[in-house]
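Visitor: After the structure tokens below, expect a handful of questions from me.
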Amino acid sequence: MLAESNKEMKSATEKYSYDDALNLAGFGRYTYWMLCSCNLLILAMYLDIFGFSVALPAVACDMALTITQQGLLSAVPLIGVMLSSYAWGLCADTLGRRRTLLIAMPIGAVLNLAANVAPTYASLAVLKFLSAGFTSSANAAAFVLLGETTPARHRSRFLFLMASATMYVQLVICLVALPVFELSFDVHIPLMSMRYRPWRLLMLIISFPGILGVISMVFLHESPKFLLSSGRTEDALVGLTKIYNYNFVGKNDYSVKEVFLEESTVNIPNDVSFVRKIWNQTAPLFKPPLLKNSLKLYYLLLSAYMTSTGYTMWVPTMTNAYFNGEDNSGKTFCEVASTASSNSSADCNNVVQPLTLYAVACYSAVSGSLNIILSFVVGSVGKKKITMIVFTVSVLSGLALIFVTLPLLSITLFYFFNYVSLILGTVNTYLVELNPTYLRGMATCLSVVVARGFGFISVQLIASLLADHCTPMISGYVVLVISGLAVTFLLPADETIKADSNDIVKKPNEPTKTRC
């Protein structure tokens, strides 16, 4: 009897680390709900960014855009993402992950709805710039929110599954576009000086995932780890208890009464300027002990996403060149793709060929499926080896793409060259595991700045070189991916990550608080 009493007393007074407390909160309904909600928000962000890639040929025909204007219009969302990411990273680390999403994503959804009735090239560009700027909050907050509410043993897999949502973006667009582009309406709206054609309906429909994601997020809770790092220990315990109650319906016996963070935090005064806050959240990432890993990870993103983002924006246009009715047998990829810059059509309702949509849907489906497969093998193979494999396949595909003259094989190699973007899951996992809680939002948002900033440059570069210098351009990108592969060898092995993280860990009995 006395032993049981002592056991109960110990259970009531024992302090649990956050990961232990989260494990005790369980893995179940709440975790899957959080995964689905964050996936919808990430999907909304990428639909906002890459939605133009499928609609671009029809938009270009409707608005009589030059190849330079097409490149700028397709890259405008990337500029919005790049310029806003700092602010959303700061918000995620100071206001909270969930609160940031509930502020920014509804505004992005409204701007997306407005973009589908933009009458001119300029107004369309402005609205897409603004909408992407707000929806980019999903990358800064949703990845971190999911990582901090998923037990450690499932975290890598769930972050990989979330990264898969980004890979399925063009599949979603194409599945919607196939029936939409079968329509041939052309409604003149004099009041707005515009013609409402199928591509505008497509843009309207792809706004819905963001709306659904916001509604779902309303019923979820803030990251308990963020609350704990902000000094709101009681709120963190309430959040953990609610997670437990969601996962174990009918139970109300969550045993954790005290919880602590196994890492240091930082004090940020309330009265510092916005610029100073950004500096406080950025500088530690580029100082020892975090500097070496930050440089490696951000270079991997640069090499991968300058390649992937640049070409993904042009995937439908380049693929469409293979299905425009011309005989492309015996031609290299560059010989075929170069003609895409001069293609024109008098019928703006039928400028995107159905076979193009099927091919792009396959591109996206294979990409997402490969990412899901990687999510199930990353635990046994390891993040470093997975990253090396992805870079190697991309390099080999890019080298072969320069010489192959079989149309279907050329398209396949082009797609696999772009699959270097599959490193997103491993890099985001590294960013979450190698950085302390109070810097994770900024670390992930900086990944967006790097990826989308260089992606914007890449889209413009491709637009200017596609017609006359395609082969040297492809060769340059292959060299860039090879450099990324070389840096991959310098990544910390999975078993040493915990040791690296100990450089920023404080003793359990010396917790500090973040005050924003």
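The values are calculated or read from the model by the stated rules, or taken from the named source; none is laboratory data. Predicted model only: the values in this text are computed from it and were never measured. Note that we place each Cβ from the backbone using ideal geometry, even for glycine, and neighbour counts take in every protein chain shown. These area figures cover heavy atoms from the full protein model, side chains too; ligands, DNA and RNA do not enter into them. Shrake-Rupley method; radii C 1.70, N 1.55, O 1.52, S 1.80 Å.
Visitor: Residue under question is Asn418, and the condition is that it be more than 13 Å from the chain's Cα centre (by Cα), of a type outside the set (Asp, Glu) and closer than 20 Å to Pro288 by Cα; does it hold? Give the steps one after another, and end with the answer.
Guide: Details: more than 13 Å from the chain's Cα centre (by Cα): yes; of a type outside the set (Asp, Glu): yes; closer than 20 Å to Pro288 by Cα: no.
Answer is no for this residue.
Visitor: Kindly list the number of the only condition in (1) open to solvent by less than 10 Å² (accessible area, probe 1.4 Å); (2) touching an Asp or Glu at 6+ places or on another chain (Cβ under 7 Å) that fails for Ala443.
Guide: (2)
Visitor: Under the condition of being modelled with pLDDT under 70 and polar (S, T, N, Q), which residue from the range 340-358 is nearest to the chain's Cα centre (by Cα)?
Guide: Step by step, filter the range 340-358, then rank; the result is Ser341.
Visitor: Filtering the range 364-392 down to residues that are touching a Ser or Thr at 6+ places or on another chain (Cβ under 8 Å) and of a type in the set (D, E, K, R), which residue is modelled with the highest pLDDT?
Guide: Filtering the range 364-392 for residues that are touching a Ser or Thr at 6+ places or on another chain (Cβ under 8 Å) and of a type in the set (D, E, K, R), the one modelled with the highest pLDDT comes out as Lys384.
Visitor: Counting only residues that are open to solvent by less than 10 Å² (accessible area, probe 1.4 Å) and over 19 Å from Leu202 (Cα atoms), how many does the range 134-158 have?
Guide: Residues of the range 134-158 open to solvent by less than 10 Å² (accessible area, probe 1.4 Å): 135-151, 158.
So of that shortlist, the ones also over 19 Å from Leu202 (Cα atoms) come out as 136-151, 158.
Going through the range 134-158 one residue at a time, the tally reaches 17.
Visitor: I would also like to ask the following. Regarding Ser131, is this residue surrounded by 21 or more Cβ atoms within 10 Å (Cβ to Cβ) and hydroxyl-bearing (Ser, Thr, Tyr)?
Guide: yes
Visitor: OK, next. Report, by residue number, each residue of the range 219-233 that is open to solvent by 10 Å² or more (accessible area, probe 1.4 Å), at pLDDT 90 or above and farther than 18 Å from Cys91 by Cβ.
Guide: Phe219
Visitor: What are the residues in the range 450-467 that are at pLDDT 80 or above and open to solvent by 30 Å² or more (accessible area, probe 1.4 Å), if any?
Guide: Phe454, Ile457, Gln460, Leu461, Ser464, Leu465
Visitor: In addition: Failed condition for Ala114, given (1) closer than 29 Å to Lys277 by Cβ; (2) open to solvent by 30 Å² or more (accessible area, probe 1.4 Å), with all others met?
Guide: Failing condition for Ala114: (1).
Visitor: Scanning for something within 20 Å of Asn39 (Cα to Cα) and either hydrophobic (A, V, I, L, M, F, W, C) or surrounded by fewer than 23 Cβ atoms within 10 Å (Cβ to Cβ) (or both), does the range 65-77 turn up at least one residue?
Guide: no
Visitor: Can I ask one more? Within the range 276-283, can one find any residue that is at pLDDT 85 or above and crowded, with 21+ Cβ neighbours inside 10 Å?
Guide: no
Visitor: Of the conditions (1) surrounded by 22 or more Cβ atoms within 10 Å (Cβ to Cβ); (2) at pLDDT 85 or above; (3) within 30 Å of Ser131 (Cα to Cα), Tyr30 clears all except one; give me its number.
Guide: The single condition Tyr30 does not satisfy is (1).
Yes/no per residue for (1) among the acidic types (Asp, Glu); (2) in a helix (DSSP H, G or I); (3) out of contact with any Cys (no Cβ under 6 Å at 6 or more places or on another chain); (4) open to solvent by 10 Å² or more (accessible area, probe 1.4 Å):
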| site | (1), (2), (3), (4) |
| --- | --- |
| Leu374 | no, yes, yes, yes |
| Val390 | no, yes, yes, yes |
| Ser410 | no, yes, yes, no |
| Tyr415 | no, yes, yes, yes |
| Asn428 | no, yes, yes, no |
| Glu433 | yes, yes, yes, yes |
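Visitor: Please state which one of Ile215, Ile268 is modelled with pLDDT of 85 or more and either of a type in the set (Val, Ile, Thr) or over 28 Å from the mean Cα position of the chain (by Cα) (or both).
Guide: Going through Ile215, Ile268 in turn, the sole match is Ile215.
Visitor: In the range 307-334, how many are more than 32 Å from the chain's Cα centre (by Cα) and either without any contact (Cβ under 8 Å) to a residue 24 or more places away in the chain or in a helix (DSSP H, G or I) (or both)?
Guide: Final tally of qualifying residues: 3.
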